[in-house]
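Novice: Got a structure for you, questions after.
FYI, it's all coordinate maths here, none of it is from the lab. Computed from a predicted structure; not experimentally measured. All Cβ positions, glycine included, derive from the backbone under ideal geometry; neighbour counts span all protein chains shown.
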Amino acid sequence: MIRYGVDVGSTTAKIVSLTPELTYRVTESRNWETLLEGIPANEIASTGYFRHKIPHKIAATEITTAIYGVKEYLNDPEVIVDIGGQDTKVTDVRRNNFIVNDKCSAGTGAFLEFIAHYFGLKVTDLSKIHHKAAHTININHTCSVFALSEVVSHLVDGHTIEDLIASIHQAFAERIAQMIPEAEKIVLIGGTAQNRGITISLEEILKQEIHTPPNPQIINALGALRYGEEKEE
């Protein structure tokens, strides 16, 4: 019987169970084995970049598990935006179509980690700093190398870190927005969705509310669990 959903992505690994309340744990991807200690493979449904590398009974793509996971919170999502560490996936649930950005770090969690590291910050600090910004500045590049050069130039010109972080979020969101088809119910998931600055920027660009479920980083693991349960029926 499937009892656990496991999502091992490029940067983090997540495990979810319902016993009967939702419980979960998160660690770095390289430490995924610590999440599975004592758990038989026939109780695991897996997803994520390394889904076939870990012990499992059932495996599913992140596209599939995102839909199953989101539907735990929203019955009829139209578009799901999953911002991962190394890629961003946009799934149009209505048309059974998806787009993946995996050619450049622009528009992925890795880009924000790069920026946070430069400022000596944690990624989790970016959202709080965003809210302190007085205004945004145009950032023309979201390629990590060129963006950093541009950020340094703005710092030399006297712009604040707060304004620059908000501006980077804006540039990041603009890149993501280009991938999103028009829809009324857009859902944002993945670890980056915990950054409220990204959600705010997307809402400003698209001029609509973006739905973000609780604990958006575990949605694929939850979806894997629900998918596995269904396949066993």
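Novice: Just to verify a number: FRET efficiency for Lys207 and Leu22, C-beta to C-beta distance, R0 = 41 Å, to 0.05?
Specialist: Working: r = 33 Å, r/R0 = 0.80.
The pair Lys207/Leu22 has a calculated efficiency of 0.80.
Novice: Can you bin the range 1-120 into rounded, prolate or oblate? Criterion: square roots of the alpha carbon gyration tensor eigenvalues sorted a ≥ b ≥ c, rounded for a/c under 1.5, prolate for a/b above b/c, oblate for the rest. Could the numbers behind the result be given before it?
Specialist: On the way: a/c = 1.88, a/b = 1.19, b/c = 1.57.
Oblate, since a/c reaches 1.5 and b/c is not below a/b.
Novice: A further question on this structure: May I have the extent of the alpha carbons of the range 153-233 along their three principal axes, as whole Å values ordered from largest to smallest?
Specialist: For the range 153-233, the Cα spread along each principal axis is 62, 24, 18 Å.
Novice: Any idea what the relative contact order of the chain is, in percent, if you count C-alpha pairs under 8 Å spaced at least 6 apart? Mind showing how you got there, number by number?
Specialist: Values: 469 pairs, mean separation 60.4, N = 233.
Across the chain, relative contact order equals 26 percent.
Novice: So for the range 79-212, Kirkwood radius off the Cα pairs, Stokes-Einstein at 25 °C and 0.890 mPa s: how many µm² s⁻¹? The partial results should precede the final answer.
Specialist: Working: Rh = 14.8 Å.
The Stokes-Einstein estimate is 165 µm²/s.
Novice: A further question follows. In deg cm²/dmol and to the nearest 500, what is the mean residue ellipticity at 222 nm of the chain if only DSSP H runs of at least 4 residues count, each as -39500 (n - 2.57), divided by the residue total? Walk me through the intermediate numbers first.
Specialist: Numbers: 8 runs with 84 residues, N = 233.
Estimated from H runs of four or more residues: -11000 deg cm²/dmol.
Novice: Which FRET efficiency value, to the nearest 0.05, do you get for Leu155 and Glu43 by plugging their Cβ-Cβ distance into 1/(1 + (r/R0)^6) with R0 = 45 Å? Can you show the working numbers first?
Specialist: Working: r = 51 Å, r/R0 = 1.14.
Efficiency, rounded to the nearest 0.05: 0.30.
Novice: Using Cα springs under 10 Å in a Gaussian network model of the chain, which residue among Ala110, Ala134, Ala66 shows the largest mean-square fluctuation?
Specialist: Highest fluctuation among the options: Ala134.
Novice: While we're on this one: With the crude spin-label approximation of a point 7 Å out along Cα→Cβ, what separation in nm comes out for Thr61 versus His135?
Specialist: It is 4.5 nm.
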